[in-house]
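FYI, it's all coordinate maths here, none of it is from the lab. Because the structure is predicted, anything quoted here is derived from the model rather than measured. Note that each Cβ is placed from the backbone with ideal geometry, even for glycine, and that neighbours are counted across all protein chains shown.
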Amino acid sequence: MKNLSLTQRLTLVFALLLLICCSISGWLQVRSNTQYSQAVIQRLSANLAQHIATSNPLLSSQGWNDQSVRTLFDQLMAVNPSVEVYLLDKQGNIVGNAAPAGHIKRQKVDLSPIQALLEGAKMPVYGDDPRNLNTGKVFSAAPLEVNGNVEGYLYVVLLGEDYDALANSAQLNSAIYTALWSMGLVVVFGLLAGWVAFRWVTRPIRRLTQQVSALDGDGIAALQAYANAPAENQRRDEVGQLQQAFRRMAQRITEQWQALSLQDQQRREFIANISHDLRTPLTSLHGYLETLSVKSASLTQADRQRYLDIALAQSRKVGRLAQELFELARLEYGVVKPQKEAFSLSELVQDVFQKFELAAVARQQQLRADIQPGIPLVSADLSMIERVLTNLLDNAIRHTPAGGEIEVRLWPQGTKVMVQINDSGPGIPQELRADLFIRPSILNHARRHASGLGLMIVKRILQLHDSDITLVEQQHSGACFRFSVPVH
């Protein structure tokens with residue numbers, strides 16, 4: 001069975017069901033015909049026992065005449081070998097018969113079927129067979145009366161032992177012959193009809209199987225072609241639903257493959273660009289240190305100090321970029337989970353201002369907070385939101401010229417507290433805005449706003465808080481970023 005195709009299995013099951021149905025139908029037909037013929041025989045012979053009892057007095061006031069009874073029974077059975085005649089007393093005991101020695105298996109007959117037949121019950125009515133303990137026989141019966149009282153019964157089995165022997169042999173041969181022919185015809189026509197029908201029914205499944213096999217051999221290119229091909233006429237049956245489901249699965253796999261390919265390309269470009277970003281300060285750092293090592297004796301104290309300051313600045317740049325890269329990787333791969341708590345966003349802004357106060361003074365910049373009264377507590381990860389504010393303020397300070405202004409605004413809006421950071425710097429060029437929060441690639445790296453990975457980290461942190469950051473259009477110059485934090 002495991003090596004058979006679906007069509008072959010269905011055909012085999014169909015033929016087996018046909019055989020079972022034909023067998024049951026044949027058995028019911030034989031049984032019905034048998035009962036019908038026995039009913040006809042019993043109806044035709046219903047008065048046989050009464051006629052015999054009337055024509056031949058078998059019981060008198062002196063009792064049974066055994067010799068005359070046996071003679072009469074021998075004559076009746078010689079004329080019609082299919083009948084068996086018995087004399088019963090009023091309790092149903094057999095008191096007279098013409099059976100050969102040893103053929104009688106029971107000495108008493110149940111009188112209930114006899115009474116039912118005499119009262120006109122629907123035929124066939126089956127009574128006990130004195131020569132067989134397992135089967136019932138159609139019969140004819142008549143009461144034997146003496147002085148108006150029933151003293152016994154004449155019991156005539158219409159289809160006796162000799163009839164059974166002949167009928168069983170003939171029925172067996174006929175049944176075997178008929179069964180063999182019927183089974184042969186059913187098998188031949190059943191297999192033929194089943195093969196044709198099920199081959200037609202399973203044709204869409206075979207086509208789908210061939211398509212799947214072809215896709216399995218040709219790879220992702222064939223799968224993409226199948227997903228992008230125009231859909232055929234949609235069937236409404238289960239096979240059609242299976243085809244639609246497979247097409248949708250192919251489309252999802254294609255989309256996921258494209259997304260994975262894009263992510264892999266972006267990953268490669270990101271690694272290449274980060275390598276470039278690291279190589280530039282490392283090369284500068286190495287050059288100035290090498291200059292100090294080789295020309296230390298010929299350099300003035302001022303030159304040595306200047307070279308050391310440049311090398312230290314490049315070292316800080318490498319360290320900051322490495323830290324940002326590590327932090328971004330932890331955020332993107334789910335290593336860091338926000339530990340939310342209730343805190344005052346207004347107080348956090350003041351704390352972050354204190355962190356950048358000296359840097360702003362050194363650049364002659366002004367930090368200003370516009371916080372509306374009644375700001376509620378927010379529910380977020382305190383350290384993550386502090387990191388967001390730090391990155392945004394650091395970018396604003398680095399890109400705002402001397403004498404400029406950086407402003408942070410807070411105001412409630414529904415179930416959120418809105419945060420907006422804007423500066424008076426040159427702003428972000430229009431061509432850089434679309435790629436501002438995505439990974440740097442070969443295409444956009446040369447034009448990227450010099451914010452390192454800070455904005456990517458900000459966006460990922462806010463996504464972990466079910467929020468996002470947007471760049472707000474302004475009438476005046478400068479960059480303006482806005483995000484929200486959920487209220488506690």
Quick one: what do you get for the stretch 341-486 if you divide its Cα Rg by 2.2 N^0.38 Å?
1.02
So, by mean Cβ neighbours within 10 angstrom, what's the order for 306-313, 376-383 with the highest one leading?
376-383, 306-313
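Two-decimal Rg/Rh of the stretch 304-399 from alpha-carbon positions, Kirkwood Rh?
1.05
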In sequence order, calculated HN-Hα J values of the stretch 295-307 (Karplus, 6.51, -1.76, 1.60; Hz; x Gly/Pro)
10, 4, 6, 8, 8, 6, 4, 5, 5, 4, 5, 5, 5
If one computes the Cα centroid of the stretch 325-360 and of the stretch 17-37, what distance in Å separates the two points?
87
In nm², the average projected area of the convex hull spanned by the Cα atoms of the stretch 108-168 is 4.7
Using the alpha carbons of the stretch 46-157, what is the convex hull volume per residue in cubic angstrom, as a whole number?
102
The simple spin-label model distance between Asp351 and Asp110, using points 7 Å out along Cα→Cβ, in nm, is 9.9
